[in-house]
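Beneath this line is the structure, given in structure tokens, with notes to follow.
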Ligand SMILES: NC(=O)c1ccc[n+]([C@@H]2O[C@H](COP(=O)([O-])OP(=O)(O)OC[C@H]3O[C@@H](n4cnc5c(N)ncnc54)[C@H](OP(=O)(O)O)[C@@H]3O)[C@@H](O)[C@H]2O)c1
């Protein structure tokens, strides 16, 4: 029986992934800001085959609440085999440029809250010498761009943290999976016009679930984003700084 902790469980991508874990009969512990929404998700996932579901209300920016949340998860479903971190916000880049507090708040949500939790999870998983830690970052972390560098910088910080953690935890048999989605049609991106490059949460979830359960260190979802970001990263800086992206 696999015990799965899902942080940011009400996210559209996390919910689609949770369904796949439910169909395998996993025990699921859902963490998020809206208790009512989590209760609905718990019922739905139970009906889809989850052995057990439970939830915990937490704003991830409440760092002091992380320890109690992890204790509640272990009390409820037992030692965590898979920790899957999905919460995030898409900052208003222009508004951030005029507001230091807003910029730092967005960095707190998208980088520091995840890093705070990872610090605890890494020690726990290392001690137990087992398990998988999977985190959703973004292709936006691969290169800072004018249109969203507050978000990109936060995701890049988490990417780098995960890269180091992966090396450290490899010795203990713990897997660390970095998940880099491109454009996904979710509430986060509701205001955007959708085109050819856009993916649906269900398709993205299939690939994430496969990487978590079968293998993969850093995955791009959909996979073609690896090539797109390779091209974007290889644009010389003297050209890059003059183009609009
Ligand atoms: N959609 C994309 O195109 C895209 C692309 C690349 C990466 N991503 C990443 O994918 C992940 C999932 O996003 P999504 O696209 O599925 O969007 P979503 O449906 O809007 O989900 C985002 C979730 O994060 C939760 N959240 C935000 N701040 C939080 C906090 N302080 N504490 C706890 N939970 C918090 C939200 O909670 P509430 O439900 O309470 O609002 C929401 O459930 C995010 O990390 C995002 O950055 C998305």
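Bear in mind these aren't lab numbers, they're just calculated from the coordinates by the rules spelled out. Everything numeric here is computed off the predicted structure, so don't read it as measured data. Every residue, glycine among them, receives a Cβ derived from its backbone with ideal geometry; neighbour counts consider all protein chains shown.
Miscellaneous remarks
- Taking the centroid of alpha carbons for each part, segment 156-207 and segment 22-64 are 20 Å apart.
- Fluctuation leader among 117, 227, 30 - the chain, Gaussian network, Cα springs under 10 angstrom: 227
- Antiparallel %, DSSP beta bridges [both residues in segment 3-240], to 5: 0
- Gained length - residue 217 relative to residue 202, 0.36 nm times residue gap less alpha-carbon distance: 3.3 nm
- Angle between the chain longest axis and helix 113-128 axis [Cα atoms, degrees, rounded to 10]: 50
- Value of [θ]222 nm, deg cm²/dmol, for the chain, DSSP H segments ≥ 4, -39500 (n - 2.57) each, nearest 500: -14500 deg cm²/dmol
- FRET E, pair residue 100, residue 37, Förster distance 25 Å, beta-carbon r, rounded to 0.05: 0.20
- Among 170, 209, 87: highest mean-square fluctuation, GNM of the chain, C-alpha pairs under 10 Å: 170
- Spin-label model distance (nm) - residue 163 vs residue 235, 7 Å beyond Cα toward Cβ: 2.1
- For the chain: relative contact order, % (alpha-carbon pairs under 8 angstrom, 6 or more apart): 18
- Between helix 35-47 and the chain there is an angle of about 60 degrees, using the helix long axis and the longest principal axis of the Cα atoms.
- The modelled label-to-label distance between residue 228 and residue 170, using points 7 Å beyond Cα along the C-beta direction, is 2.9 nm.
- Between the helical axis of 65-77 and the longest alpha-carbon principal axis of the chain there is an angle of about 40 degrees.
- Largest to smallest principal axis extent of the C-alpha atoms in segment 3-240, angstrom: 54, 39, 35
- Subtracting the Cα-Cα distance of residue 68 and residue 243 from 0.36 nm times their residue separation leaves 58.3 nm of extension gain.
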